[in-house]
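Read the structure below first, then the notes.
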Amino acid sequence: MSLIALSAGFLPLLDSVLLVLAREKGFAAAEGLDLHLVKESSWANIRDRAALGHFDFAQMLAPMPIAATLGLNPLSVPMITPMMLGLGNNGVTVSAELWGRMADAGAPTTLEAGPVGAALAKVVRAAERKLRFGVVHQTSSHNYELRYWLMASGVVPDRDIEIVVLPPPLLPEALGSGGIDGYCVGEPWNTVGVKTAGAHIATVKASIWRSSPDKVIGMRAHWAEANSEIVAGLIRAVHHAAVWCGESANHAEIADIMAAPHYLGLPAERILPALSGQFDIGGGVAARVPEHFVPYAGAANFPWTSHAAWFYSQMVRWGEVEHTADRARAAAMTFRPDIYRSALAPLGVPMPVADSKVEGLLARPTEVAATTGMLVLGADGFFDGVRFDPDQVEAYLAAQRVG
């Protein structure tokens, strides 16, 4: 059987792993797809080349297809997200010098976003210069979650602290050179910062916003509509990769696969922490983060429209787009649970009954009714206890207005 050629852009990050496994473990071929993965050097390249049709689809930052649909990109075209590439996987890493001041201000080594943020706020208020943090892209979960964490901790981004954009692999080197004081990025680049720049992981996405998405499959809307069977096969292939990735017995093999030069090009021991959740966070301190990267469990691949709505709310909050009901609706509809459901229904995969949920309702893993049987959803919500109701976006925006 001849395979259908399918090209995808990706960045060297652990959460490209589901695409890599779809190819390397034969899940894509089993769906009749010859998946060709193109390694890129920056999210800006992914954004622009995907818009131009150089790829059929790409690993994207979760807010990126929303920004494209809302016309916030230089080459904006309507895009969709039919599947998530897992939950979690990023963290906030700071220089050894900054961590020393934060520790003196009371920062614990538990990675808890609340007390670590409170300590950072004390340091910022006493600092003689404005600290500079790096993020990987303007419309990234990293930028919005870092800003959310800072604001809820009493630090006003842009006024109290500078935020700049750099590609993920350059952040540890920039930290080591003193060009930045900290950064928010996906693994393995927090671990690389610890190992090569003497940095310290301060907190993690799993503490700032539990059970939240980071990377997605993004594609042009008109291409997806014209190739619905290919999209369905891709979703099934990545679903099988996610199930396989979720088995801890496979972690050593996964790390070896991802260590190859075409993917991460790093020693396997620097890739394993994000898979196992067992981290050296700096200074000889070990920490366990069971929810650091969730490739499959807890409906980790389901494209909740409420997640899209939250990213939209942050675009409005930080002045990137003016809120209207039509834009809010368009942003939420960028995530396409209907396509995900259609592709996986023949497999009998348990999926959430609803397309949307209130962030912050689940304080602990909770068993809920699913499309087939039951499903356990992970604890969700933000570290400050503020809930996000996607049906009350205007009230949420009013409560979080900057300035």
Dipole of the chain [Lys/Arg +1, Asp/Glu -1 at C-beta], most positive-end residue of A121, I217, M60: A121
Residue-wise HN-Hα coupling along region 221-230, computed from phi with Karplus coefficients 6.51, -1.76, 1.60 (Hz; x: Gly, Pro): 4, 5, 5, 4, 5, 7, 10, 4, 5, 5
Alpha-carbon gyration tensor eigenvalues x 5, square-rooted, for the chain, Å: 31, 24, 20
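How much of the accessible area of the chain, in percent, comes from carbon and sulfur atoms when a 1.4 Å probe is used?
Its accessible area is 53 percent carbon and sulfur atoms.
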Placed amide H near I163: partners under 5 Å, 5+ positions off or other chain: F133, D158
Residues listed by number, region 244-269, amide nitrogen under 11 Å from L347 label point at 7 Å toward C-beta: 244-245
Sparsely packed GluC sites (Glu not before Pro) within region 256-332, loop by DSSP, other Cβ within 10 Å at most 14: E322
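Between S7 and A96, what length comes free when the chain is fully extended (0.36 nm per residue of separation minus the Cα-Cα distance, one decimal in nm)?
Taking 0.36 nm per residue and subtracting the Cα distance, the gain is 28.0 nm.
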Candidate residues I230, I80: accessible-area rank, largest first, probe 1.4 Å: I230, I80
In degrees, nearest ten, helix 305-317 long axis to first principal axis of the chain (Cα): 40
Label-point separation, T110 to D326 (7 Å along Cα→Cβ), nm: 4.9
Choice from A29, A249, A221 with maximal GNM fluctuation in the chain (Cα, 10 Å cutoff): A249
Where the chain is the region considered: accessible area per residue in Å², 1.4 Å probe: 37
Largest to smallest accessible area among Y312, Y296 [probe 1.4 Å]: Y296, Y312
Qualifying trypsin sites (Lys or Arg not before Pro) in region 124-158, DSSP loop, other Cβ atoms within 10 Å at most 13: R129, K130
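Counting other C-beta atoms within 10 Å, and keeping those with at most 10, which DSSP coil GluC sites (Glu not before Pro) do you find in region 82-142? Display every interim value, and only then the final one.
On the way: sites: E97, E112, E128; in loops: E112, E128.
Listed in order of number, the matching sites are E128.
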Where K215, K122 fall by accessible area, highest first, once all protein chains stay in place (1.4 Å): K122, K215
Solvent-accessible surface (1.4 angstrom probe) belonging to R288, in square angstrom, nearest 10: 140
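Explain nothing, just the number: relative contact order of the chain, from Cα pairs under 8 Å at least 6 residues apart, as a whole percent. Working shown, then result.
Working: 851 pairs, mean separation 83.5, N = 403.
RCO, the chain: 21 percent.
What length, rounded to one decimal in nm, is gained on full extension from D280 through to A379, with 0.36 nm per residue of separation minus their alpha-carbon distance?
Details: separation 99, 0.36 × 99 = 35.64 nm, distance 2.45 nm.
Gain in length upon complete extension: 33.2 nm.
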Leading residue at positive end of dipole, the chain (Cβ point charges), from S41, L70, V353: L70
Pairs of Cα atoms farther than 27 Å apart, region 248-376, %: 44
Helix 43-52 vs. the chain, principal-axis angle (Cα, 0 to 90°, nearest 10): 30
The chain: angle of helix 141-153 to the longest principal axis, Cα-based, in degrees nearest 10: 40
Rounded to 5, percent antiparallel among DSSP beta bridges of the chain: 65
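The values are calculated or read from the model by the stated rules, or taken from the named source; none is laboratory data. None of the values given here were measured: they were computed from a predicted structure. Please note: Cβ atoms are built from the backbone with ideal geometry, for glycine as well, and neighbour counts cover all protein chains shown. Remember, those area values only see protein heavy atoms, side chains included, never the ligands or the DNA or RNA. Shrake-Rupley method; radii C 1.70, N 1.55, O 1.52, S 1.80 Å.
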